[in-house]
Each structure stands twice: as C-alpha cells, then as structure tokens.
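Notes follow once the structure below has been shown.
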Amino acid sequence: MKIAIASDHAAVDLKAELAQWLRAEGHDVDDLGPATTDRVDYPDYGYSLASVVASGAVEWGIALCGSGVGIAIAVNRNPACRCALVGEPLSAALSREHNDANVLALGARLIGVDMAKACVTAFLSTSFGGGRHAGRVEKLSKPAL
C-alpha cells in the first residue's frame, strides 16, 4: 500500500517509528514531514497530507500531532478526506467499515507506539462495509447547508 504520513513537532518521534515500521511491513511510505522537533504549525502538514490523499497519489494517510485533534480538523477541511481520530483499534476499524475513512489521526501525547501500531493495523486491514453506510459517506463530501 502507498501511505503518506505527516505530523507536527509533537509527533515527529511517533511518525518516524510508524514510518519505519510500515516500510518494514512492505508499504511504500511518503513522509511529508517535519524532519525535526522544531516548532511547526499542524495545519500546514494536515493540508499537505489531505492534498496527496485527495489527489490519489497515495491510498491512505496517517496524521499525527500532540492530541491528534488539530491535524484531524485540518485534514477534514478537504472534502475528499475522511479523517478519523482514534485511540484504540476498534474505532480505527469502525472508521473504515462504517465511514470509509481514508486518513487515520492519532495523538502522540495520548497513545504509545504499540497502541498506535495496533490502530494502524486495524485501519489498514479493514474494508469499507458499503451497503447502508454508502449513502451516508457520500453525504460527508456534499454537505446540505
């Protein structure tokens, strides 16, 4: 699978661990940065990640920041992205099965490496259920305001 991963400064270490692990698992990983723990703004990295996911250049995105909240909000500004912030594997799996999420957000200050890997594994190994969920997911990109 082709996966893009991005973070802010608070999640650089978790990003590096996950990227290395995913490559060892045989995935093609695009690390969109940052490369250091120097302070950066999570929206910049969230927007960059959303852009490559929306373009189809990658199949999946992984978004990381301290809590996961800010970068998830940034990614979800792109109507082609459905970013789910999770903290355990069941939510990761359900985000795929019910919501057809294409980006997974994790909070580096809230979960450890092993839980993050379990969430990524659940996310990547679960298919969208379609059926009754399909119409709802379609509405996510076309809000009726």
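The values are calculated or read from the model by the stated rules, or taken from the named source; none is laboratory data. Because the structure is predicted, anything quoted here is derived from the model rather than measured. Every residue, glycine among them, receives a Cβ derived from its backbone with ideal geometry; neighbour counts consider all protein chains shown.
Here His98 passes the criteria (1) within 17 Å of Trp60 (Cα to Cα); (2) more than 15 Å from the chain's Cα centre (by Cα); (3) at pLDDT below 95 except the one numbered (3).
Every residue, every condition in (1) surrounded by fewer than 24 Cβ atoms within 10 Å (Cβ to Cβ); (2) in contact with a strand residue (DSSP E or B) (Cβ under 9 Å, 6 or more places away or on another chain); (3) closer than 23 Å to Lys142 by Cβ; (4) of a type outside the set (D, E, K, R), yes or no:
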position: Asp41; (1), (2), (3), (4): yes, no, no, no
position: Tyr47; (1), (2), (3), (4): yes, no, yes, yes
position: Ser51; (1), (2), (3), (4): yes, no, yes, yes
position: Asn76; (1), (2), (3), (4): yes, yes, yes, yes
position: Gly87; (1), (2), (3), (4): yes, yes, no, yes
position: Ala101; (1), (2), (3), (4): no, yes, yes, yes
position: Arg109; (1), (2), (3), (4): yes, yes, no, no
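Out of the residues in the range 120-135 meeting the condition of being free of Cβ contacts under 8 Å to residues at least 40 places away in the same chain and closer than 30 Å to Gln20 by Cα, tell me which one is surrounded by the most Cβ atoms within 10 Å (Cβ to Cβ). Taking the candidates together, the pick is Ala122. Assessment of the range 28-38 against the conditions (on the phi > 0 side of the Ramachandran plot and touching a residue at least 24 places away in the same chain (Cβ under 8 Å)) yields at least one matching residue.
For the range 57-74, a residue qualifies if it is part of a loop (DSSP other than H, G, I, E, B), of a type outside the set (S, T, N, Q), surrounded by fewer than 21 Cβ atoms within 10 Å (Cβ to Cβ) and in contact with a Gly (Cβ under 9 Å, 6 or more places away or on another chain), and exactly one does: Gly66. Remark: Arg109 matches the filter, which requires a residue to be at pLDDT 95 or above, of a type in the set (Lys, Arg) and either in contact with a His (Cβ under 8 Å, 6 or more places away or on another chain) or not in a helix (DSSP H, G or I) (or both). In the range 82-91 there is no residue matching the filter, namely being outside any loop (DSSP other than H, G, I, E, B) and over 17 Å from Phe123 (Cα atoms).
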